[in-house]
Each structure stands twice: as structure tokens, then as C-alpha cells.
Amino acid sequence: MKEQNLHTKKEHPVFRFVKKHLTRRILTGILIVLIIVAGIIGLRKTIFSDSQTTKIGFEDIGELATQSAYCTQVNVTDSSRELFGAKIPFTQSKYIYSYDVVVKAGFDFEEIEWSKNDKTIEVKLPEAKILSNEIDLDSFKVYHEQESIYNQIALEENNEALAKLKETAEKDAIENGLLENARSNAETILTGFFGNEYDLDKYEIIFTDK
């Protein structure tokens, strides 16, 4: 009878199988939950960091002209042959003409840096620079044209005159605030960029010199 009672107390094989596999599944489920929780904690540390610095894709834009100056430059090319300090008659060649020159200023966006803190976005800007200086060939106007067959103006002289014309236009544009206006417009454009990414009611944008 004792042996028979001991035999009846043994667990059925089905119950042992269920208990064994159920315990394994529970442990596996707990392990998966722990991994997910750890991952979420690590992710939150990255997302909610106090400060981060990036380029917000400005390098995709490259150079951006934020201000243009349109200058009409009048040039006088006067050439004549001289002998002992006196001009030789019939050797004077003289041209008076004008071109429009377009001078553009702006920034290399790869050099712009910014960082976001709790309530501010600090943007470091490099100095504005001249991006292009081009003569509008369609704007050419002639006011006076006189060329002597004894003293024709060479192409080299004409190229030097055009180079000086562009140099003067650039200088005049800078003196009239081209670079300052480029900086001001850049701040406006960048504010628009950040406004697309962040709520500017919650962040103050501060622009500083790099």
C-alpha cells in the first residue's frame, strides 16, 4: 500500500512538460521586457540631452547669397601717343562706356555652427563675404567712341579696364553696406529655417560672431 501511495503522488508527465516550458517562457518574457526598458532609458538620455550641436543640413545649401548690389560703372579709356610729353595729333583713342555690375555677398553655410539649450538656440556666423562679382554684358552702353587708326586700344588694355571696373564696383558696394545687409538678411533666413524645426515661442535665437 505504501508503494502504491507514493506512486499516486508523482506528477503526471503532461503537467511536468507544461510547468517546465511555461517557466521558460515566463523567464524569456521577463528578459525581453528588461531589454526593452533598458533600451528606452538609453534612448531618452540621447533625445533629452541638455545641449547638442549640428549643422541642420546647411552643408546641403553650400554658399547662399543673402544680398546683391547692382552698380552702374562708367569707364573712360583714353590712350594716345606722346612725343616729349606732348600728344601726337590723330593718335588719340578714347572710349566712354558703362556696364552694370552685380556684386553678391553671403555665407558659406558649412561654416555656420549652432547649439540648442533649454530655452535658447545660439547660432555662430562667420564673416559675410563676397560670393560673386559679375559684369552684365547686356547692359553695355557707349557714350563716346573715338579710335585712331594710328593708336588702337589693345585687348589687354580693355581687359585691364574691365577688371578695374569690377574692382571699383565691389569697393563701392562694400562701402555702402553690402556685407552688413548680407548679415542681417542671413539672420532672417536662418530664423525661418529654425522656425520650421522648433517652436520659436519657446526658444530665443541668439546670433554671435564665429
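The values are calculated or read from the model by the stated rules, or taken from the named source; none is laboratory data. Small disclaimer: the values here were computed from a predicted structure and weren't measured. FYI the Cβ positions are ideal-geometry reconstructions off the backbone, even for glycines, and counts take in every protein chain you see.
Structure values in brief
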quantity: Leading residue by the ranking (farthest from Asp136 (Cα to Cα)) among those in segment 65-117 that are modelled with pLDDT under 80 and out of contact with any strand residue (DSSP E or B) (no Cβ under 8 Å at 6 or more places or on another chain); calculated: Phe84
quantity: Candidate set: segment 124-144, residues that are of a type in the set (S, T, N, Q) and either farther than 12 Å from Glu63 by Cβ or not in a strand (DSSP E or B) (or both); chosen: the one modelled with the lowest pLDDT; calculated: Ser139
quantity: Any hit, segment 179-194, residues being over 18 Å from the mean Cα position of the chain (by Cα) and loosely packed, with under 13 Cβ neighbours inside 10 Å; calculated: no
quantity: Selection count where residues are surrounded by 15 or more Cβ atoms within 10 Å (Cβ to Cβ) and of a type in the set (A, V, I, L, M, F, W, C), scope segment 151-173; calculated: 6
